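Below is one structure, written out as C-alpha cells; comments come after it.
The values are calculated or read from the model by the stated rules, or taken from the named source; none is laboratory data. Just so you know, these numbers come straight off a predicted model, no measurement behind them. With ideal geometry, Cβ positions are generated from the backbone for all residues, glycine too; neighbour counts draw on all protein chains shown.
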Amino acid sequence: MSTGKQTFSSGTTWEEIAGYSRAVRIGDRILVSGTTATGPDGLVGGADPAAQARYALDKIEHAIKQLGGRLEDVVRTRVYVSDVAHWEPVARVHGERFGKIRPVNTLVEAKLVGAGYLVEIEAEAVIGAGGE
C-alpha cells in the first residue's frame, strides 16, 4: 500500500483557478472534491437535477478509478442541492448508483457557486471497502 499522496485532475478550469484537485489518494483513502455537472463546454444536464447528478457521479467514478479504486469502495457521499425541491430526483440517481453499496450519506440544501448548477456531490472511498 502506497502512503504517498496521488492527485487526479479532471481538467476543469476551476481546479487550476482555485488550486485544488478533483481527487486525492492518500494510502487506501480517496477523497473526491465537490463535483458538479461541468463538462468541457460548461454545464451538462441543463435544468434537469437528475441529469446533473448522473454526470457528477460519472466524474466521481472516473476520478476514483484513475486513483486505483472502484465505486464499490465509496463509504461516504455528501450531496448539495441548490433547491430542496430537487432532493428526490437527485436521491433517486444516488440510489441507482449506490443502492447496493450503501455508503453513509448527507443531503443538504446549499447555495451553489455558478448559475444553473442544481447539484454538487463529493465522495470518500476506502480501497478494498467494497470487497473483492
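Assessment of the range 98-109 against the conditions (within 17 Å of Ile64 (Cα to Cα), in contact (Cβ under 8 Å) with a residue 40 or more places away in the chain and outside any loop (DSSP other than H, G, I, E, B)) yields no matching residue.
Is at least one residue of the range 74-84 modelled with pLDDT of 95 or more, outside any strand (DSSP E or B) and surrounded by fewer than 15 Cβ atoms within 10 Å (Cβ to Cβ)? Give the derivation first.
Initially, the range 74-84 is screened for residues modelled with pLDDT of 95 or more, giving 74-84.
Filter again for outside any strand (DSSP E or B), leaving 82-84.
Right, trim to surrounded by fewer than 15 Cβ atoms within 10 Å (Cβ to Cβ) and you get 83-84.
Taking every residue of the range 74-84 in turn, at least one turns out to be modelled with pLDDT of 95 or more, outside any strand (DSSP E or B) and surrounded by fewer than 15 Cβ atoms within 10 Å (Cβ to Cβ).
What are the pairs, 6+ residues apart or on separate chains, where a residue within the range 31-45 that is surrounded by fewer than 19 Cβ atoms within 10 Å (Cβ to Cβ) has its Cβ under 8 Å from a residue that is in a strand (DSSP E or B) and of a type in the set (S, T, N, Q)? Matching pairs, first to second residue: Val44/Thr38. Determine, yes or no, whether Val126 is closer than 21 Å to Ser10 by Cα and not basic (Lys, Arg). When the stated conditions are applied, Val126 passes them.
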